[in-house]
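Let me begin by presenting the structure, written as structure tokens, before commenting on it.
The values are calculated or read from the model by the stated rules, or taken from the named source; none is laboratory data. For clarity, every value in this text was computed on a predicted model and none was experimentally measured. So basically every Cβ, Gly included, is an ideal-geometry build from the backbone, and we count neighbours across all protein chains shown. Accessible surface is based on the protein model in full, side chains and every heavy atom, while ligands, DNA and RNA are left aside. Shrake-Rupley method; radii C 1.70, N 1.55, O 1.52, S 1.80 Å.
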There are 2 protein chains.
Amino acid sequence: MKSLGETIRELREHQELPLRTVAAFLDIDQAILSKIERGQRNASREQIVKLAQFFKVKENDLLVSWLSDKLVYEVADEDVALKALHEAEEKVKYIMAKRK
Amino acid sequence: MKSLGETIRELREHQELPLRTVAAFLDIDQAILSKIERGQRNASREQIVKLAQFFKVKENDLLVSWLSDKLVYEVADEDVALKALHEAEEKVKYIMAKRK
DNA sequence: TGTGTTTTGACATTTTTTGTCAAATTTAGT
DNA sequence: ACTAAATTTGACAAAAAATGTCAAAACACA
């Protein structure tokens, strides 16, 4: 189960590209991309979309990785983390069912 | 599956207390509590702890409700909401296992 | 050592969050 | 309908967090 950062670092290194190149495509400083890859900063949704485009991977795969990382961050350090995730799942199912 | 807001509103109305009273205990304006109860504002963790204390309910129950609401909010509008929740669960399990 | 890459941290700017306050609206009782 | 209490709303201010830039430090390695 790779984090988003690990995933995009792998993608980048696989193509032997410097941070600079990818960061330029995202239109941010390479420092930020470095931090994103190491999980020290959160990427924005738009950045994820661009990254999927850049690396030609499924946008949804990256979005899942990104979103789940954020969820993990949100529940980190809480004893009730798993219970909360589970209850959130039920709530989402309920909401989705309600919205036809 | 009640939201946190619904839950604490029920608790409060069950005791026939005005927002004022509970808000005073939390040391916030009643306007905020009103918004929290209707899901327009997020409560802080400390406020949840105080609410559990005030209403004499299990702190963890309220924390789960509060956290799961936040998670739902975080994934709302995302097609991949359920997948992300699921992946987050796996990541948390992994992390917890690693931390002995 | 010299060159390119990555990491770090100080800093500035922008956005989000958190709260207060007062006015408007709603609710209930008489 | 009138009043009084409770609730909701929205404008606003202050505090906190996120987002980015930049330059210097650290790293990799020929």
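Take the alpha carbon gyration tensor of segment A:4-98, find the square roots of its eigenvalues, order them as a ≥ b ≥ c, and report rounded if a/c is under 1.5; if not, report prolate when a/b exceeds b/c, else oblate.
Prolate.
Threshold 20 Å², probe 1.4 Å: give the residues of segment A:1-33, in number order, that are less accessible with all protein chains present than with their chain alone.
Going by heavy-atom accessible area, the residues of segment A:1-33 that drop by at least 20 Å² are A:M1.
Just check segment A:7-59 against the gyration tensor rule for me: Cα atoms, a ≥ b ≥ c as the square roots of the eigenvalues, rounded for a/c under 1.5, and otherwise prolate or oblate depending on whether a/b exceeds b/c.
Because its axes are fairly even, with a/c under 1.5, segment A:7-59 counts as rounded.
Please sort through the DSSP H helices of chain B and keep those with an alpha-carbon extent of at least 18 Å along the long axis and a Kyte-Doolittle average not below -0.5.
Correct list, ordered by number: B:59-75, B:81-98.
For segment B:21-100, give the magnitude of the charge dipole about the Cα centre (Cβ charges: +1 Lys/Arg, -1 Asp/Glu; no others), in debye to the nearest 20.
Computed charge dipole of segment B:21-100: roughly 440 debye.
With a probe of 1.4 Å, find how much accessible area segment A:4-98 has per residue, and write the answer as a whole number in Å².
Accessible area per residue, segment A:4-98: 58 Å².
Given the C-alpha centroids of segment A:26-100 and segment B:45-76, what is the distance between them in whole angstrom?
If we compute the Cα centre of each part, the gap is 22 Å.
Relative to the Cα centre, what is the charge dipole magnitude of the protein assembly as shown, using +1 at the beta carbon of each Lys and Arg, -1 at the beta carbon of each Asp and Glu, and rounding to the nearest 20 debye?
Dipole of the protein assembly as shown, to the nearest 20 debye: 80 debye.
Taking a label point 7 Å from the Cα of A:Y73 along the Cα→Cβ vector, which residues of segment B:49-83 have an amide N closer than 14 Å to it?
Residues B:74-75 qualify, since their backbone N sits under 14 Å from the label point.
Setting aside same-chain residues fewer than 8 positions from B:K70, which lysines have a Cα under 20 Å from its Cα?
The qualifying lysines are A:K70, A:K83, A:K91, A:K93, A:K98, B:K2, B:K35, B:K50, B:K58, B:K83, B:K91, B:K93.
Placing +1 at every Lys and Arg Cβ and -1 at every Asp and Glu Cβ, with all other atoms neutral, what dipole size does segment A:1-65 have around its Cα centre, in debye to the nearest 20?
100 debye
Please compute how much accessible surface disappears when B pairs with A, both sides summed, using a 1.4 Å probe, and round it to the nearest 100 Å².
Buried area (both sides, nearest 100 Å²): 3300 Å².
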